[in-house]
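The values are calculated or read from the model by the stated rules, or taken from the named source; none is laboratory data. Please read all numbers here as calculations on a predicted model, not as lab measurements. Because the Cβ atoms are built from the backbone with ideal geometry, glycine has one as well, and the counts that use them run over all protein chains shown.
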Amino acid sequence: MDYFLLVIGAIFVNNIVLAQYLGNCPFIGTSKETGVAIGMGFAVVFVATMAATITWLVQKNLLAPNDLGYLQTIAFILVIASLVQFVEIFLKKMVPPLYNSLGIFLPLITTNCAVLGIAIICQREEFTLVQTVVYSIASGAGFMLALVVLASIRERLDMVRIPIALRGTPMALIMAGLMSLAFFAFKGMAA
Amino acid sequence: MSTLWKEFSKGLWRDLPPFRLVLGLCPVLAVTKTADNGLGMGLAVIFVLTLSNVFVSLLRNIIPSKVRIACFIVIAASLVVCVELLMQAFAYPLYQQLGIFVPLIVVNCIILGRAEAFASKNTVLMSTADGLGLGIGFALSLTFLGALRETFGYGTLFGKSVMWSGFEPFTFMIEAPGAFVCLGLVLAAMNALTNWQRGVKGLEAVEGPKHDCKACGMCNTPLK
Amino acid sequence: MMEMIRMVLVLSLICGASGFTLATIRDATAQRVEEQELTYVQGPALNQIFSDIDNNPVKDRARIADAQGQEHIVFPARKDGKLVGVAFQSFGKGFGGDLGIMVGFAVDQGGKNELAGIGVTTMKETPGVGTRITEGDFRNQFVSHPLDDVALKSGGGDIAAVSGATVSSTGAVAAVNHAIKTFNEIKDKIPSEFGS
């Protein structure tokens, strides 16, 4: 039951993009086509889960026992950067079809604040390892949901006439705001 | 001297980070509930961006190109940890307000983007001007957006009441949906301004800057 | 080969320099950071408990070990130079994780002590339900309460739980009882630390 609430909370109530403001650059940048959005979404779920798990282990086994908590940021970003490199090499060698579909998104993920953000949130909320895994998968899924929905809205927007000043990013942001308003309703349900 | 001024001033208008380059959106949306928070975040970014540009530029001839990204990340992350410690020691309430977005400065694409696209190719003086200019532009934009949202959302500005007495705060503005819509409208206003200027010169109206991650220079990945 | 050595060398040099700098800054700021943290996290709870005092409890704090040798950060409250109370933090199990409660004790010269009040320092309770333990209606029940028989009405005591938030209320009461146990172990050391 607890895990169920954690998952619902991470996907709908506290959606990582629409309520917690994380990962906005790729959210706006890769939401022009549904296909691209799905690829990016899967890449984030995959990397965020691995990153949160590994950083959890690093924090609990390396940083906390040695009183190095203040180095959290630097340790986490290095773990994520090398993880992304490693995943890229691994996929290229071992699973080429997956690399062809996800590969181009991987370099974007090092500077995706959703990944580092999820890892840090798991520490600040003092999650256990299992909670960390569940939360990071759910948050990644929440990111993917928001991204795919926005992409399908934007595909339809291509067919309508919009004032020239609003075209592109401004319109995408306003659409994201309206989506965020819809997700905001889940907050009322949770309370 | 004139080139130095050019590098500095481009960050204040032509390449204004969040509104023109559309970079580093997360803190722009997240910490602009009030003008104070926006300004605090902006100052932290000025510090990290300028010093990261200085160090990258100083070390640009020593750093081997294969590990350059790793070196940039170490430099940026160290500066961020530095900011975290200083903020905890001297501005704890601000640290509480900004929360998770202080450590997240390290993944703000402006920092690594400028290191890769500018500081690793230019002299220390030029890189300082570039970092300061873009940093100040970023800070001013955050403060502006924060002031806008605070005025309508709370009826205050920098904590002081500015609206008439019967003013009903427009709570939408301080919540997440308001952040997105507000930034969207500011970007549209910037585009409209550009098009008006072009119209005066007799040029055709154009669409605003495209947001694709290429702008940050980190990823040369061709995304459609 | 040379290239390889150079890469490793440069990276380790940069990491070393950054590690050294950060450790220095950390050492220089550690004391200030601790004080700031206590002022802004525990300070508001302390202000709720002791409203009429004229010292800065965070500044005058001391570490006192209990019977198990575990150290507690104890905050003294003074009025006109006289010690009127002490407070320290204690934890109970809330609905959303650990519940941090600052428990204040009024120190009476005659040797009779009572609770001065409680304040909530950290919690992750449900907004609007469990968070109501921070409101006066619940907290004021502890003001001037004797040190024994602190229990909810359902457990035979006289503390009314916040309706709908039994877990949070139970956690708070558990934290208070835990603090009373600690207080009884450390009360003899209080005069020597803070005077009277």
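Candidates B:Val48, B:Val74: the one that is in contact (Cβ under 8 Å) with a residue 40 or more places away in the chain, assigned to a helix (DSSP H, G or I) and within 12 Å of chain A (Cβ to nearest Cβ) is B:Val48.
Scanning the stretch C:152-183 for residues that are assigned to a loop (DSSP other than H, G, I, E, B) and closer than 23 Å to C:Pro44 by Cβ, we see that the one that is modelled with the lowest pLDDT is C:Ala165. For B:Ser141, the conditions (1) more than 30 Å from B:Ser57 (Cα to Cα); (2) among the hydroxyl-bearing types (Ser, Thr, Tyr); (3) at pLDDT 90 or above are fulfilled apart from (1). Annotation for the stretch A:83-102: no member residue is of a type in the set (Phe, Trp, Tyr), crowded, with 16+ Cβ neighbours inside 10 Å and closer than 30 Å to B:Leu183 by Cα.
The C-beta contact set for the stretch B:187-209 (first residue of a type in the set (D, E, K, R), second residue assigned to a loop (DSSP other than H, G, I, E, B) and surrounded by fewer than 16 Cβ atoms within 10 Å (Cβ to Cβ), distance under 8 angstrom, 6+ apart or interchain) comprises B:Arg198/B:Glu204; B:Arg198/B:Ala205; B:Arg198/B:Val206. Go through the stretch B:98-110 and report how many residues are among the β-branched types (Val, Ile, Thr) and either assigned to a loop (DSSP other than H, G, I, E, B) or modelled with pLDDT under 90 (or both). Of the residues in the stretch B:98-110, 3 are among the β-branched types (Val, Ile, Thr) and either assigned to a loop (DSSP other than H, G, I, E, B) or modelled with pLDDT under 90 (or both). Restricting B:Lys6, B:Lys66 to those that are touching a helix residue (DSSP H, G or I) at 6+ places or on another chain (Cβ under 9 Å), more than 14 Å from chain A (Cβ to nearest Cβ) and either modelled with pLDDT of 90 or more or part of a helix (DSSP H, G or I) (or both) reduces the list to B:Lys6.
Just wondering, is there one or more residues in the stretch B:106-116 that are among the β-branched types (Val, Ile, Thr) and over 18 Å from B:Pro17 (Cβ atoms)? Within the stretch B:106-116, not a single residue is among the β-branched types (Val, Ile, Thr) and over 18 Å from B:Pro17 (Cβ atoms). Checking A:Ser101, A:Ser139 one by one, the residue that is in contact with a helix residue (DSSP H, G or I) (Cβ under 8 Å, 6 or more places away or on another chain), under 22 Å from B:Gly99 (Cβ atoms) and more than 11 Å from chain B (Cβ to nearest Cβ) is A:Ser139 and no other. Within the stretch B:46-72, the set of residues being surrounded by fewer than 24 Cβ atoms within 10 Å (Cβ to Cβ) and among the β-branched types (Val, Ile, Thr) comprises B:Ile46, B:Thr50, B:Val54, B:Ile62, B:Ile63, B:Val67, B:Ile69.
Per-residue answers, yes or no, for (1) in a helix (DSSP H, G or I); (2) more than 10 Å from chain B (Cβ to nearest Cβ); (3) crowded, with 18+ Cβ neighbours inside 10 Å:
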| residue | (1), (2), (3) |
| --- | --- |
| C:Val10 | yes, no, yes |
| C:Gly16 | yes, yes, no |
| C:Leu22 | yes, no, yes |
| C:Ala30 | yes, no, no |
| C:Thr39 | yes, no, no |
| C:Asn47 | yes, yes, no |
| C:Lys59 | no, yes, no |
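With respect to the conditions (1) at pLDDT below 80; (2) more than 29 Å from C:Ala67 (Cα to Cα); (3) acidic (Asp, Glu), C:Asp149 lacks only one, and its number is (2). Among the residues of the stretch C:109-164, those identified as within 14 Å of chain A (Cβ to nearest Cβ) and over 18 Å from the mean Cα position of the chain (by Cα) are C:Thr126, C:Pro127, C:Gly128, C:Val129, C:Gly130, C:Arg132, C:Gly164.
Within the stretch B:89-99, can one find any residue that is more than 8 Å from every other protein chain (Cβ to nearest Cβ), surrounded by fewer than 24 Cβ atoms within 10 Å (Cβ to Cβ) and touching a residue at least 60 places away in the same chain (Cβ under 8 Å)? Yes: the stretch B:89-99 contains one or more residues that are more than 8 Å from every other protein chain (Cβ to nearest Cβ), surrounded by fewer than 24 Cβ atoms within 10 Å (Cβ to Cβ) and touching a residue at least 60 places away in the same chain (Cβ under 8 Å). Listed by first and then second residue, the pairs linking a residue in the stretch C:58-79 that is more than 16 Å from C:Phe105 (Cα to Cα) to a residue that is among the β-branched types (Val, Ile, Thr) and in a strand (DSSP E or B), with Cβ atoms under 8 Å apart and 6 or more places separating them unless they lie on different chains, are C:Arg63/C:Ile73; C:Arg63/C:Val74; C:Glu71/C:Ile64.
Residues of the stretch A:1-51 being of a type in the set (Phe, Trp, Tyr) and in contact with a Cys (Cβ under 7 Å, 6 or more places away or on another chain), which ones? Scanning the stretch A:1-51 gives a single hit, A:Tyr21.
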